[in-house]
1. Under the definition of Cα pairs under 8 Å and six or more residues apart, what whole-number percent is the relative contact order of the stretch 2-105?
2. Could you put Asp181, Asp101, Asp304 in order, starting from the residue whose Cβ has the fewest other Cβ atoms within 10 Å?
3. May I ask which of Lys206/Lys269; Lys76/Lys232; Lys65/Lys155 have a Cα-Cα span longer than 30 Å here?
4. For the stretch 32-53 and the stretch 118-137, what is the centre-to-centre distance using only Cα atoms, to the nearest Å?
5. How many nm separate the modelled label positions at Glu292 and Asn3, each set 7 Å beyond the Cα in the direction of the Cβ?
6. Might you report the magnitude of the Cβ-based charge dipole of the stretch 1-77 about its Cα centre, with Lys and Arg at +1 and Asp and Glu at -1, to the nearest 20 debye?
7. When a footprinting reagent is the concern and you count Cβ atoms within 10 Å, what order do Thr224, Thr14 take, fewest first?
8. Treating the Cα atoms of the stretch 2-105 as identical point scatterers in vacuum, please give the log10 of the normalised Debye intensity I(q)/I(0) at q = 0.22 Å⁻¹, two decimals.
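Quick note: the coordinates plus some simple rules give every number you see, no bench work behind them. Keep in mind the model is a prediction, meaning the values are calculated, not measured. Here Cβ is always computed from backbone atoms with ideal geometry, including for glycine, and neighbour counts include all displayed protein chains.
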Amino acid sequence: MDNYKNYCKSCIITRIGDFQCSYQGQIRVLENFRVNIEIFNVERDICLQTEKNEDSFLCIQTDDKLITAKNLYIRKIGSKLKEENFENPCFNFNMLIEAVDVCWGNVWCVGDTREFLFDSFICNITDGEELIGLTPYEEIDDMMFYKSELALDIKAHYQVINTKAGFSFQAFPNIRRIGTDLKFGVRSHMQYQSENMMNLEMIKQKICNIVLLFEILCGELVTTTQVRLYQKNEIFDYLDNCNFPIKELGIFKRNNIDSRSFIRKSLFKVSDLECFIDEATEKFCSLIKSKELAFEAYKQVLLDDSVGISTTNKFLKTM
């Protein structure tokens, strides 16, 4: 998501719903990762159709990306002329649109069905390396000096926990050379592979559910920090799933390190559930359906704690 911070580019709008067009415009990512699209010199009837059509979408072309946007909200329709001239069909207008769901890729992700359909997704979450709890390193030893050079025999392997529900939790070695230094790190993410194609609403619900599981494990607010959607062989960066990403959990700021020195204390992890991960996820999914109100209250309590609010309602939510 950081790649799109302060993003602002000129663009061409090539499609508004079923209407093929070629309008000049500008696409901008705001501070809270909301996406605004301004379209210039649009005919009055197209403005009215876009405003009335709740299922409308945009196909946008920049110098290096093809962008598809849906769930559109018209924020402003205006021109340099007086407002009452909007009733005159002879004038053209500028439209300012806020898009809730936006996908960046090398192709447009909308098909003939007008649906945004995907077969899998990958997402990163707040301190996912710690919350997933896998390490790809077996050992780093057998150091040998040859003159002034250092040879390292590094045993590192890709680690994964798979579930029958379609989720997998993965960890990779991340070794970087910066000047004369070697830095050993871990990259982790979650992946979901569906047997059938999924629309954006289904994807957002699955992400919401799995993030809730991590919030229960760690007792803090967790957000996505990056989401990528897959449609056959095409990859799309997906924005607007999270407006205020949290990069670090509060517990990590206390510098509590356990005996393995790479995972903090006072924290449950997915790796703790590895032996019964399928049973745990099945039970959790059934609880989500039957205890929806309780989980909503739990998320509200976490939000109150995050912003430092203490009210009577917080006590009621906890109850």
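1. The normalised contact order for the stretch 2-105 reaches 28 percent.
2. In increasing order of surrounding Cβ atoms, one gets Asp181, Asp304, Asp101.
3. Lys76/Lys232; Lys65/Lys155
4. Cα centroid to Cα centroid, the span is 37 Å.
5. Inter-label distance under the simple model: 3.5 nm.
6. It works out to roughly 180 debye.
7. Thr14, Thr224
8. -1.19
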